[in-house]
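The values are calculated or read from the model by the stated rules, or taken from the named source; none is laboratory data. Bear in mind the structure is a predicted one, so any value in this text is a computation, not a measurement. Cβ placement follows ideal geometry from the backbone for every residue including glycine, while neighbour counts extend to all protein chains displayed. For accessibility, only protein heavy atoms count, side chains too; no ligands or nucleic acids. Shrake-Rupley method; radii C 1.70, N 1.55, O 1.52, S 1.80 Å.
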Amino acid sequence: MKVMKFGGTSVGSPERMKGVSQLITESGEPTFVVLSAMSGTTNSLIEISDYLYNNNPEGANELIRQLEAKYMKHIDELYATEEMKATVKEILEDRFMYLRSFTKSHFTSAEEKKIVAQGEILSTNMVVNYLKECGVKAVLLSAFDFMKTDKKAEPDMHHIKENLTKVMAANEGYQIYITQGFICLNAYNETDNLLRGGSDYTASIIGAVLKAEEIQIWTDIDGMHNNDPRFVEGTEAVSQLNFEEAAELAYFGAKILHPTCVQPAKFTGVPVRLKNTMDPKAPGTIINNELQRGKIKAVAAKDDITAIKIKSSRMLLATGFMRRVFETFERYNTSIDMITTSEVGVSMSIDNDTHLDKILNELKKYGTVTVDKNMCIICVVGDLEWNNVGFETLATDAMKDIPVRMVSYGGSNFNISFLIRQEDKINALQALQNMLFKK
């Protein structure tokens with residue numbers, strides 16, 4: 001069985017829903033499908049919640065009316081028979097009546113998550129009923145029946161495996177199984193969501209539990225490119241990535257994939273393939289546990305980075321100095337991206353400056369602190385183990401005309417990272433493209 005995930009743009013209109021339906025049924029084999037909300041729907045639901053937070057039920061009701069009208073229009077475009085049109089209309093009316101119920105009660109963050117969850121519920125109901133009208137043996141499985149997080153907001157894999165196994169056993173014999181991405185229950189059985197990775201995470205978890213043949217993530221781009229196509233000309237999709245390489249690229253800016261979402265697949269060895277809904281014949285990118293030796297694969301960039309440098313003569317041979325520095329960041333739940341050290345100083349970069357002022361005040365106890373904002377991390381990814389002679393030279397030669405604030409090499413066998421000014425990003429990406437990939 002394959003697991004196929006389709007994002008919001010892939011199911012963003014009745015025409016695209018029909019296209020997705022064709023993709024998931026063409027093999028004729030049992031397939032598990034994870035769907036996001038139709039593009040734009042989640043933003044509308046968040047806006048509805050904002051009106052309710054601000055005690056403006058009239059504004060919320062107006063947005064609900066507009067969204068309902070949009071969905072009702074889709075009914076005539078998607079379905080052929082009057083019987084199915086009536087069935088789906090009743091489902092949609094019930095969901096929008098549920099949304100209106102929140103305009104008559106006290107509004108909390110728990111209610112917001114219930115509202116936002118309706119996007120995936122709407123899209124999955126529409127697609128599964130279209131498939132049924134086409135004569136496909138399809139079933140809708142509620143993510144709430146098996147997808148759950150623990151008290152740390154991480155997927156409760158034991159619960160998911162136990163309950164998804166029960167759900168599948170109770171629904172044997174279907175060709176297409178459809179469920180909602182992103183949404184779940186939390187440890188207290190409240191409506192919640194998978195904060196990191198969203199629907200991709202759902203698909204990866206399901207693929208791992210079912211020991212799927214392959215997990216396919218369908219988006220609007222033909223795989224992970226060797227550079228950012230928004231800023232660099234002549235980029236190409238990378239045919240194969242190791243799970244570690246894919247995680248590095250995702251963490252350091254490749255928007256097509258969230259770094260956490262491939263972890264369940266990695267641990268169970270299920271390959272993940274990135275495919276393009278708009279060009280389904282394109283091979284895309286396969287992510288697996290194989291490693292192509294001696295090859296640089298891709299470049300990614302991560303914006304909005306802040307660099308912090310602590311200089312202190314007391315650091316020299318001072319036991320516990322680094323521990324105190326790291327504990328400062330831990331207290332404020334702030335992750336460090338890059339780090340370099342010398343005898344009298346340490347430089348770090350962070351991508352979350354929410355608690356920056358408090359962090360700086362504490363760090364000043366240990367030395368002189370300087371800060372550089374509006375920075376960017378450029379990450380070169382591939383088989384960059386230290387005995388691959390010359391790879392680091394290729395990357396640094398490409399950056400010879402770019403002012404570099406920090407370099408990180410050796411912390412991983414899969415990347416070299418450069419911290420530069422954000423204004424130099426495009427020039428750096430193009431220079432690396434010319435040096436590493438230009439034929």
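Quick query: amide H of residue 240 versus all other amide H atoms, modeled in the peptide plane; which residues come in under 5 Å with a sequence gap of 5 or more or a different chain?
286
Would you mind putting 31-43, 7-19 in packing order, based on average other-beta-carbon counts within 10 Å, highest first?
Descending packing order for the listed peptides: 31-43, 7-19.
Give me the dipole magnitude in Debye, nearest 20, for region 1-159 about the Cα centre, with unit charges on the beta carbon: positive for Lys and Arg, negative for Asp and Glu.
Numbers: 19 positive and 23 negative charges, 45 e Å.
Dipole of region 1-159, to the nearest 20 debye: 220 debye.
If a/c stays under 1.5 just call it rounded; otherwise compare a/b with b/c (prolate if a/b is bigger, oblate if not). Do that for the chain, with a ≥ b ≥ c from the square roots of the Cα gyration tensor eigenvalues.
prolate
What fraction of the Cα pairs in region 24-126, stated in percent, has a spacing above 20 angstrom?
Counting every Cα pair in region 24-126, those more than 20 Å apart make up 43 percent.
Would you kindly find the accessible area of residue 190, with a 1.4 Å probe and non-protein molecules such as ligands, DNA and RNA excluded, rounding to the nearest 10 Å²?
90
Show me the ranking of peptides 129-141, 202-214 by mean Cβ neighbours inside 10 Å, starting with the highest. If you can, show how the numbers build up before the last one.
Details: 129-141: 17.9, 202-214: 23.3.
Packing proxy ranking, top to bottom: 202-214, 129-141.
I'd like the orientation of helix 321-331 relative to the chain: the angle between its Cα long axis and the longest Cα principal axis, in ° from 0 to 90, rounded to 10.
That works out to roughly 20 degrees.
Round to the nearest 10 and give me the degree value, 0 to 90, for the angle of helix 198-210's Cα axis relative to the longest principal axis of the chain.
Approximately 80 degrees, to the nearest ten.
Leaving ligands, DNA and RNA out of it, work out the accessible area of residue 85 with a 1.4 Å probe and give it in Å² to the nearest 10.
Residue 85 exposes around 40 Å² with every protein chain in place.
Report, in whole Å, the centroid distance computed from the Cα atoms of region 193-222 and region 122-188.
13
Give me the net charge of residue 72's neighbourhood, meaning all other residues with Cβ under 9 Å from the Cβ of residue 72; Lys, Arg count +1, Asp, Glu -1.
That sum, taken over residues with Cβ under 9 Å, equals 0.
Please give the peptides 224-237, 166-179 ranked by average Cβ packing (other Cβ atoms within 10 Å per residue), highest first, as a rough proxy for protection.
224-237, 166-179
Among the aspartates and glutamates, which have Cα under 15 Å from the Cα of residue 364 when same-chain residues fewer than 8 positions away are ignored?
Within the straight-line limit of under 15 Å, residue 364 reaches these aspartates and glutamates: 327.
What is the percent carbon and sulfur in the accessible area of region 239-397, measuring with a 1.4 Å probe over the protein chains and ignoring ligands?
49
In deg cm²/dmol and to the nearest 500, what is the mean residue ellipticity at 222 nm of the chain if only DSSP H runs of at least 4 residues count, each as -39500 (n - 2.57), divided by the residue total?
-12000 deg cm²/dmol
How much length is gained if the chain between residue 109 and residue 404 is pulled fully straight, taking 0.36 nm per residue apart and subtracting their Cα-Cα distance, in nm to one decimal?
101.9 nm
Ordering 84, 157, 126 from largest to smallest accessible area (1.4 angstrom probe), what's the sequence? Don't skip to the end; give the middle numbers.
On the way: 84 30, 157 75, 126 0 Å².
These residues rank, largest area first, as 157, 84, 126.
Report the extension gain between residue 100 and residue 311 in nm, rounded to one decimal, defined as 0.36 nm multiplied by the number of residues separating them, less their alpha carbon distance.
70.2 nm
Give the ranking of 394, 360 by solvent-accessible surface, highest area first, calculated with a 1.4 Å probe.
Of 394, 360, the descending order of accessible area is 394, 360.
Gap in Å between the Cα centre of region 229-300 and the Cα centre of region 35-93?
34
Distance check, please: which entries in 148/281; 114/152; 275/400 exceed 24 angstrom between their Cα atoms?
Long pairs (Cα-Cα over 24 Å): 148/281; 275/400.
Relative to the longest principal axis of the chain, what angle (0 to 90°, nearest 10) does the C-alpha long axis of helix 82-101 take?
Taking the Cα atoms of the chain, the angle to 82-101 is about 60 degrees.
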